[in-house]
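**Q** Here's a structure for you.
The values are calculated or read from the model by the stated rules, or taken from the named source; none is laboratory data. Treat the numbers as computed from the prediction; the structure is a model and nothing was measured. Using ideal geometry, Cβ is built from the backbone for each residue, glycine included, and neighbour counts are taken over all protein chains shown.
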Amino acid sequence: MEEIKPFELTREFADSLKGAIERNDDDFILQSLEGVNPADITETLEEFTTDESKHIISLLDTQIAAEVISNLEEDTLRRFLRVFSPEGIASYIDYIDSDDAADILNELPLKVREEVISSLSSDEKAEHIVDLMRYDEDVAGGIMAKELIKANLNWTVEQTTEEIRNQAENVSKIFSVYVVDDKNKLLGRVSLKKMLLARKGTLIKDIYDEDLISIKTYDEEEEVISVMRKYDLEAIPVVNMQNNLMGRITIDDVIDVMTEQAEEERQLMAGISEDVEEDDSIWMQTRARIPWLVIGLIGAFFGAEVIGLFESDIAAIPIMAAFIPLITATAGNVAIQSSSIVVQSLANKSVFQDSTTKRLTKVIIVALLNGILLAMLAFAISYFRRGDINISLIIAIALSCVVLLASLSGTITPIILDKLGINPAAASGPFITTFNDILGLAVYFAVAYIFF
C-alpha cells in the first residue's frame, strides 16, 4: 500500500497557486489541491489575499469549501466573510456543524446574520443555529452541537438503525446513540456494538445503559473540559434544567476551547492584552502590547524614585548600584515561578485542594529554603569577588527577604484575581514583574540603610 505523505506548505506551492489565479488557470488550481486535506487548504489560504482565497474557494466542492471556511482563524474569517453575499455564506453554512456555524454567524453584523439564517435550505438547521446563539460562548450551551443521534426507548433496534442512516449526512461522528423518552428527557445511551449484537425486534429500553455522564447547558467550559478529561470521554451530552437532551460536545470542540484558553493565557503572561497574530495589522499589534508596556514604564519610574531616595547612600557606597540588577531579576523570576504554579493549580482545581492557609504555609517554607540557598550562594560569590563582608551580608539578607516577599506576592496575586473574576494568568505577566522589581529595590536599600 502506498504511503500517504503529509502535506507541506512551501513558498513554491503558494507562488504557483498565485500565478494560476492571475492566469485564471482553474484547472491547475483544482489539480494542485486534489486530495489535499481541507485543514491544509485552510493553512494555504492564510497566505493569500481575501480575493485570491475567494477565487480558490469558489472552485472547490461546496462541502470541502465549507470545512475549509470553518477552520479559518477568527480574524481571517471576519475579512473573508465580507466578500460573500448572505446567500453565498448560507450555501456553506448548510454543510457546517451547527456549533461552528453559530460561531461563524456571530462574526457577522446582525442584519447580515439574519439574512444568512433566512437563506438556509434547512429550517431545522436554522432553528438549531438560532437556539445555539442564545448561549454565551464560554458555557456548554455555547460550544455544543445540535447534531446527534437519539432514539426513543420504545423503538426497536431496526428503527434506530434506520434513524442512524437518515442522520448519517448530518452527524459526522457517531460515538453512541442517546436514549430519550417521549418528552425528550435523557435516560441513557446505547452503544453501536450492543445494537449490532441484538436480536431482531429487540427494544432499545431492553439494552440501553442508564450509566451516563452529562452536563448542563449553563456549565462553564472549564467544567466541560474537566469532566471529559477526568472520564476520558469522546463526547458528552448536554441537557437543560429539565434534563431534556439539547445537544452534545465532542472531543474536537474541547480541544479547540483548550487551545484558545492556552493561547489567551500565553499572551496574557507575555503582557499582550488582545488576541493578535503575527500577520495582524501594525495598529492591532501596537494596541495589544502598549497597555502593559505603559504599566512597565510607570513601574520603572517608581523604581527610579526608590533608587533616588537612596541616592546619597549609593554615592557613598557606589558598589551597591552594581547589585541592583541581581535583586530585581531574582524578585521577578521568583514571583513568576510562584504565580505560574498557582495559575496552573487554579486551572485544574481539585476537590481536595489545600486551603489558602496551608498553601501559603507551603509557599513560605519553600521560599525560605530557596532564599537561604540563594543568599548563601550570593554571599560566597560577592565576598570572593569583592572581599567586603558588609556588602556581602547586605546582598545575602536582602536577597533572602526578596525571595520570601516575591513568592508571597506571586502566590497571592493570582488567587485574588481569580476571586475577582479576572483571568489569573494576568498575574504572571509584566504586572507581577514590575511590582516585584520595585519591592526588591525597596527591600535592598532598606537593608543597606539599616546596616550603614
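**Q** Scan (1) surrounded by 15 or more Cβ atoms within 10 Å (Cβ to Cβ); (2) touching a Ser or Thr at 6+ places or on another chain (Cβ under 9 Å); (3) at pLDDT 90 or above for the single condition ASP25 breaks and write down its number.
**A** That leaves (2) as the condition not met.
**Q** Residues of segment 6-48 being outside any helix (DSSP H, G or I) and out of contact with any Lys or Arg (no Cβ under 9 Å at 6 or more places or on another chain), which ones?
**A** Those that are outside any helix (DSSP H, G or I) and out of contact with any Lys or Arg (no Cβ under 9 Å at 6 or more places or on another chain): PRO6, PHE7, GLU8, LEU9, THR10, ASN24, ASP25, GLU34, GLY35, VAL36, ASN37, GLU46.
**Q** Let me confirm something: among LEU203, LEU196, LEU187, which residue is loosely packed, with under 13 Cβ neighbours inside 10 Å and more than 22 Å from ASP252 (Cα to Cα)?
**A** Result of the check over LEU203, LEU196, LEU187: LEU196.
**Q** Sticking with this one: Need at least 1 residues that are under 25 Å from the mean Cα position of the chain (by Cα) and not basic (Lys, Arg) per element, so show me which helices (runs of 4 or more DSSP H) inside segment 155-234 make the cut, counting only ones lying wholly within it.
**A** 221-230
**Q** Sort out for me the helices (runs of 4 or more DSSP H) sitting completely within segment 289-393 that have 1 or more residues that are at pLDDT 75 or above, surrounded by 16 or more Cβ atoms within 10 Å (Cβ to Cβ) and polar (S, T, N, Q).
**A** By residue number, 324-347, 356-386.
**Q** In segment 97-111, what count of residues is obtained for those that are β-branched (Val, Ile, Thr) and surrounded by fewer than 21 Cβ atoms within 10 Å (Cβ to Cβ)?
**A** Matching residues across segment 97-111 total 0.
**Q** State yes or no: is PRO424 buried (at least 21 other Cβ atoms within 10 Å of the Cβ) and at pLDDT below 75?
**A** Here the answer is yes, as PRO424 does meet what is asked.
**Q** Can you find even one residue in segment 69-91 that is under 19 Å from PRO237 (Cα atoms) and either modelled with pLDDT of 90 or more or in a helix (DSSP H, G or I) (or both)?
**A** no
**Q** Can you find even one residue in segment 92-111 that is farther than 25 Å from PRO38 by Cα, of a type outside the set (Phe, Trp, Tyr) and over 28 Å from the mean Cα position of the chain (by Cα)?
**A** Scanning segment 92-111 turns up at least one residue that is farther than 25 Å from PRO38 by Cα, of a type outside the set (Phe, Trp, Tyr) and over 28 Å from the mean Cα position of the chain (by Cα).
**Q** Exactly one of (1) crowded, with 17+ Cβ neighbours inside 10 Å; (2) in contact with a helix residue (DSSP H, G or I) (Cβ under 7 Å, 6 or more places away or on another chain); (3) closer than 16 Å to PRO38 by Cβ is unmet by THR76. Its number?
**A** Among (1) crowded, with 17+ Cβ neighbours inside 10 Å; (2) in contact with a helix residue (DSSP H, G or I) (Cβ under 7 Å, 6 or more places away or on another chain); (3) closer than 16 Å to PRO38 by Cβ, THR76 violates only (2).
**Q** Something else now. Look through ALA151, ALA66, ALA102 and report the one residue that is among the small types (Gly, Ala, Ser), farther than 26 Å from ASN244 by Cβ and not in a loop (DSSP other than H, G, I, E, B).
**A** Only one candidate qualifies: ALA66.
**Q** Here is a list: LEU192, LEU187, LEU197, LEU110. Which entry is of a type in the set (A, V, I, L, M, F, W, C) and not assigned by TED's automatic domain parsing to the domain that holds SER226?
**A** Residue meeting the stated conditions: LEU110.
**Q** A follow-up question, please. Taking segment 128-146 only, how many residues are buried (at least 21 other Cβ atoms within 10 Å of the Cβ) and outside any helix (DSSP H, G or I)?
**A** 3
**Q** Taking interchain pairs and intrachain pairs at least six residues apart, which have beta carbon atoms under 9 angstrom, with the first residue in segment 190-217 and touching a residue at least 40 places away in the same chain (Cβ under 8 Å) and over 30 Å from MET133 (Cα atoms) and the second acidic (Asp, Glu) and surrounded by 18 or more Cβ atoms within 10 Å (Cβ to Cβ)?
**A** That search, which allows pairs on different chains as well, returns nothing.
**Q** Within segment 114-127, which residues are buried (at least 16 other Cβ atoms within 10 Å of the Cβ), modelled with pLDDT of 90 or more and not in a loop (DSSP other than H, G, I, E, B)?
**A** Correct list: GLU115, VAL116, ILE117, SER119, ALA126.
**Q** For the list (1) at pLDDT below 80; (2) within 30 Å of ALA262 (Cα to Cα), I need the number of the one condition that SER407 fails.
**A** Tallying (1) at pLDDT below 80; (2) within 30 Å of ALA262 (Cα to Cα), SER407 fails exactly one: (1).
**Q** Also, quick follow-up: If you go through segment 26-54, how many residues are over 16 Å from LEU72 (Cα atoms) and either of a type in the set (Phe, Trp, Tyr) or touching a strand residue (DSSP E or B) at 6+ places or on another chain (Cβ under 6 Å) (or both)?
**A** Result for segment 26-54: 1.
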